[in-house]
Structure formats: C-alpha cells, structure tokens
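Bear in mind these aren't lab numbers, they're just calculated from the coordinates by the rules spelled out. Here the structure is a predicted model, which is why all the values come from computation and not from measurement. In this analysis, Cβ positions are derived from the backbone assuming ideal geometry, glycine residues included, and neighbour counts consider all displayed protein chains.
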Amino acid sequence: MTLELEKYFEQFKEITPEFYEYSSDKAVRAMSLLAQERLEETGNPPSVSLFIHCFEDLKAAGLERIREPQRPAPRDESNMTTDEFHHYYNSLRSDQVRVKYGSNPDFRRQVDCLIALKRI
C-alpha cells in the first residue's frame, strides 16, 4: 500500500471501529488490493470513502469476522444527555438509586436536574 493510501486507510480505521472485527492480515490485504484495483479502474484520487466502499463490498462478499464486536464504552452520568440519564435512571432499582445518589456527585446532579424538570 502506498503512503498516501495508508494515510486514508488509517483514517478509515479511526472512523470505522467495526473494522476491528475483521482486521486480520487477510482482510487488510483484501482491502489494499481492492482499493488499488478501484483506483486503477476509476482514476479517482484515494480517499477514506474508497475504503468505506471497499469494506462494505468485502463484507457483502463474505469477509469473515474474526473478533466479537467492540462494545461501546459505557457512558457515565457526567456525560449523559438528560434523556439518556432519564432512561438509565428508570432502569435502576430504588436501592441502586439511593446508593448512587449518596455516593456519586454526577449522579446526584443529574437526578436533581430531572427533579427540577419535573421528570421524576
């Protein structure tokens, strides 16, 4: 893979965490070969979207997943929207709410916000 293609491939991997599930040496080689082939066919300059389209085509052709999907990092109370927190709050048992309210200032702040908005 040329240096320019590698730059776009690295950007593709950053914005497509799903690629981690497929990122064997075989998958990387397939992406590289398909990208080179597409560049020669179309004459278009390399881009991140080239790799996105190649990845979608390879998945459709049966590229095998080698890892479990990455789970998103759990969000904590400090960075949840009001709606996300309200849903989270409703999923907790009352004893969990009491413990978290007493020990976690971010949780307490969010609960106080819900109370002020008259959502709980």
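Quick look at the numbers
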quantity	calculated
Flag for GLY102 being under 30 Å from LEU117 (Cβ atoms) and of a type in the set (Gly, Ala, Ser)	yes
Listing of helices (runs of 4 or more DSSP H) fully contained in region 1-92 that carry 2 or more residues being under 22 Å from the mean Cα position of the chain (by Cα) and more than 30 Å from SER103 (Cβ to Cβ)	3-15, 25-42, 48-60
ASP83 exposed (fewer than 11 other Cβ atoms within 10 Å of the Cβ), acidic (Asp, Glu) and closer than 30 Å to ALA116 by Cβ	yes
Neighbours by Cβ (under 7 Å, 6+ apart or cross-chain): first from region 41-68, touching a residue at least 12 places away in the same chain (Cβ under 8 Å) and closer than 15 Å to GLU10 by Cα; second in a loop (DSSP other than H, G, I, E, B) and not aromatic (Phe, Trp, Tyr)	ILE52/THR16; PHE55/THR16
Residue count for region 55-75, restricted to those that are surrounded by 11 or more Cβ atoms within 10 Å (Cβ to Cβ) and farther than 30 Å from GLU37 by Cβ	1
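To keep it simple, each residue is scored yes or no on (1) over 21 Å from PRO69 (Cβ atoms); (2) surrounded by 13 or more Cβ atoms within 10 Å (Cβ to Cβ).
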position	(1), (2)
MET1	yes, yes
LEU5	yes, yes
PHE9	no, yes
PHE12	no, yes
SER23	no, yes
LYS26	no, no
ALA30	no, yes
ALA35	yes, yes
ARG38	yes, yes
